[in-house]
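Have a look at the structure below before the remarks.
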Amino acid sequence: MTPFTEASGASESERSSGFDGHVRKLMTWHFGQDTGSAFWLGKKDLLGFDPVTDIAGLADLVRFPDVSDELRTVPAQDLIPRGLAGRPFRVYDSGGTTGAPKRIVDSGYRARILVWARERLIASGVPADGNWLHLGPSGPHVIGFDVSRYAALGGGVFYTVDLDPRWVKRLLAAGREDEADDYVQHLLDQAEIILDSQDIAVLNTTPPLLEAICARPKLLARVRDGVRAIVWAGTSISAESLHQLEEVFFPGQAVVGIYGNSLMGVAPQRPAAPGDDAYPAVFEPFPETTRLELVDEEGRLVEYGQRGRVRLHLVAEEMFLPNILERDSALRLAPGPGSTVDGLADIQTYRALGDVRIIEGVY
């Protein structure tokens with residue numbers, strides 16, 4: 001069982017949003033014999049409580065164990081709810097930053113949240129139409145699907161490169177920094193070929209690769225002159241570095257961030273709210289299914305303005321992932337106008353968790 005046994009109290013805004021009712025409804029779904037997944041149904045009798053009768057809402061989700069490590073080895077078929085067995089599902093991998101990759105399954109949920117996320121991006125200055133270049137992971141990583149969906153929703157074309165983030169992490173872990181640098185240049189070469197020949201409205205990439213672009217004058221000029229917006233995600237970035245990107249290197253473009261990963265989905269940068277001027281980017285998750293809590297070492301919510309570790313509760317029809325401790329810390333900010341979820345600012349990735357060294361690399 002999870003060591004965090006003290007339930008954190010939901011705020012009044014969270015309760016009024018109906019999220020508690022959503023949680024109760026999904027407990028019936030995920031622990032119903034005809035609708036739940038083999039994974040969660042197999043745990044039901046081991047939990048020490050009845051999820052259907054004993055989980056009243058958000059505050060009770062800390063009673064569940066953190067099952068994220070099990071996602072490295074569980075058969076992906078066991079994650080699919082029986083009630084959705086007739087749908088086509090895809091399997092996506094995490095980046096493997098904290099060890100072997102974790103896996104999720106997805107049918108239509110990810111596409112649904114991307115419609116919402118795209119509206120947030122547009123509100124922050126990303127064009128509603130045009131082609132996208134994804135200078136980021138391909139292969140089993142869900143981010144490639146995300147970016148292709150953004151492009152398609154705006155009637156644009158999706159371009160990408162060959163990028164294996166695990167290879168970069170492996171090189172860095174082995175102290176082979178020169179080879180990692182060569183690989184980064186290989187990625188930039190691919191991007192430059194596309195930018196030289198195609199009309200790209202939005203560049204989606206990571207902070208380390210943006211910094212590498214800034215060190216190549218020709219490529220930097222091509223991005224400045226031809227790209228209308230830059231969306232960054234995948235790794236942490238300091239406030240100072242983000243300020244440099246926005247004000248010095250790309251002053252004519254919208255530079256917009258997304259916080260997220262394979263498990264939680266996406267938490268786009270929100271439009272500026274009162275008090276946000278102290279932070280270069282504040283992120284909010286999809287309010288219908290997701291809560292990101294910032295907690296102290298005992299698992300209690302920290303106060304607004306304080307730093308805590310990110311704890312994820314994902315309560316969706318396709319995936320149920322409660323009480324997941326993430327690899328990041330952040331500052332907790334109050335919800336923006338009209339919002340029911342807290343904001344997260346100044347996100348930082350731990351350099352180690354227990355005996356696991358965390359290497360971000362390029363993603």
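The values are calculated or read from the model by the stated rules, or taken from the named source; none is laboratory data. Everything numeric here is computed off the predicted structure, so don't read it as measured data. Reconstructed Cβ throughout: ideal geometry from the backbone, glycine too, with neighbour counts over all protein chains shown. Surface accessibility is based on the protein's heavy atoms, side chains included, excluding ligands, DNA and RNA. Shrake-Rupley method; radii C 1.70, N 1.55, O 1.52, S 1.80 Å.
Cross-link partners of Lys169 among lysines, defined as those whose alpha carbon lies under 20 angstrom from its own and excluding same-chain residues fewer than eight positions apart: Lys102. Spacing of the modelled spin labels on Ala56 and Cys214, each 7 Å from Cα toward Cβ, amounts to 5.0 nm.
Let me know the shape class of segment 148-277, please: from the alpha-carbon gyration tensor, a ≥ b ≥ c as square roots of the eigenvalues, rounded when a/c is under 1.5, otherwise prolate if a/b is greater than b/c, or oblate. Taking the square roots of the gyration eigenvalues as a ≥ b ≥ c, segment 148-277 is rounded.
Excluding ligands, DNA and RNA, the accessible surface per residue across the chain is 42 Å² with a 1.4 Å probe. Under the shape rule built on the C-alpha gyration tensor, where the axes satisfy a ≥ b ≥ c, segment 63-175 is oblate, since a/c reaches at least 1.5 while a/b does not exceed b/c. Helical runs assigned H by DSSP (4 residues or longer) give the chain a calculated mean residue ellipticity at 222 nm of -8500 deg cm²/dmol, each run adding -39500 (n - 2.57) before division by the residue total.
The residues packed around Val115, meaning those with a beta-carbon under 12 Å from its beta-carbon, carry a net charge of +2 if Lys and Arg are +1 and Asp and Glu are -1.
Bridgeable aspartates and glutamates around Lys25 (alpha carbons under 18 Å apart, same-chain partners fewer than 8 residues away excluded): Glu14, Asp34, Asp50, Asp54, Asp60, Glu288, Glu317, Glu318. Taking the 1.4 Å solvent-accessible surface of the chain as the whole, the part contributed by carbon and sulfur is 50%. One chain, two ends: Ala272 and Ala334. Fully extended at 0.36 nm per residue, the span grows by 21.1 nm beyond their Cα-Cα distance.
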